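The values are calculated or read from the model by the stated rules, or taken from the named source; none is laboratory data. Bear in mind the structure is a predicted one, so any value in this text is a computation, not a measurement. Cβ atoms come from the backbone with ideal geometry, glycine included; neighbour counts cover every protein chain shown.
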Amino acid sequence: MQTAYTLPNAPTIKRSALYGSLSIRFVSFLVDTTLLVFSYTFILYGLSSTPEQLYTWKDLSQDSFSLSEMLVAVKMLFLNPYFPIIHWAYYTLLESSQKQATIGKFTHGLKVTDLRGKRISFAQANLRYFSKLVSAVPLALGFLLMLTSRRHQMLHDYLARTLVVTD
């Protein structure tokens with residue numbers, strides 16, 4: 001009869017997933033999106049020189065809101081050059097930084113690495129960022145690819161040769 005011998009002061013090893021799961025990556029995406037929209041709002045209102053940019057939700061929900069005012073509001077939100085620039089800079093600069101993660105990923109213990117576990121370059125972060133458009137095009141199937149991949153890579157991770165791993 002054999003008995004297992006355990007050390008009295010042996011450290012407990014916490015097992016965790018090596019790669020970021022879909023749920024935790026989605027939550028970190030929501031954190032990042034909230035931060036981006038919040039900061040974009042400050043920039044938008046700080047740089048506004050026309051009254052159309054200062055519409056409030058109360059102004060937008062009134063019945064007297066005309067079609068031309070609605071088009072101005074849609075143009076302001078979706079065709080303004082500041083948001084895409086801030087969005088691009090946020091993801092590429094933070095993912096290629098020393099922390100290797102956006103604020104949302106960092107708060108959830110995730111980081112973006114290359115296939116060898118090293119920090120990604122600025123060029124690789126750009127490729128990863130713009131490859132997300134390819135992931136989104138066919139009904140966002142590129143994002144769901146991680147459910148079938150061994151290393152939980154989405155399509156843009158495959159194209160940029162990156163991984164999202166836990167710390």
### Query
Is the stretch 119-132 home to any residue that is under 16 Å from Y19 (Cβ atoms) and in contact with a Lys or Arg (Cβ under 6 Å, 6 or more places away or on another chain)?
no
## Note on the structure
Among (1) crowded, with 16+ Cβ neighbours inside 10 Å; (2) within 17 Å of S23 (Cβ to Cβ); (3) at pLDDT 95 or above, Q100 falls short only on (2)
### Task
Consider only pairs whose beta carbons are under 7 Å apart and that are at least six residues apart or on different chains; among these, list those whose first residue lies in the stretch 106-117 and is at negative phi and part of a helix (DSSP H, G or I) and whose second residue is surrounded by 14 or more Cβ atoms within 10 Å (Cβ to Cβ) and of a type outside the set (K, R).
T107/V31
#### Entry: Within the stretch 23-55, tally of residues that are modelled with pLDDT of 90 or more and exposed (fewer than 10 other Cβ atoms within 10 Å of the Cβ)
1
### Query
Is it true that some residue in the stretch 7-22 is in contact with a Ser or Thr (Cβ under 9 Å, 6 or more places away or on another chain) and modelled with pLDDT of 95 or more?
no
### Task
Only residues that are modelled with pLDDT of 70 or more and either surrounded by 15 or more Cβ atoms within 10 Å (Cβ to Cβ) or among the aromatic types (F, W, Y) (or both): list them for the stretch 73-85, please.
N80, Y82, F83
### Message
L139 - would you say it is closer than 26 Å to V37 by Cα, of a type outside the set (D, E) and surrounded by 14 or more Cβ atoms within 10 Å (Cβ to Cβ)?
### Response
no
### Task
Go through L159, L145, L93 for me and flag whichever is exposed (fewer than 14 other Cβ atoms within 10 Å of the Cβ), on the phi < 0 side of the Ramachandran plot and out of contact with any Asp or Glu (no Cβ under 7 Å at 6 or more places or on another chain).
L93
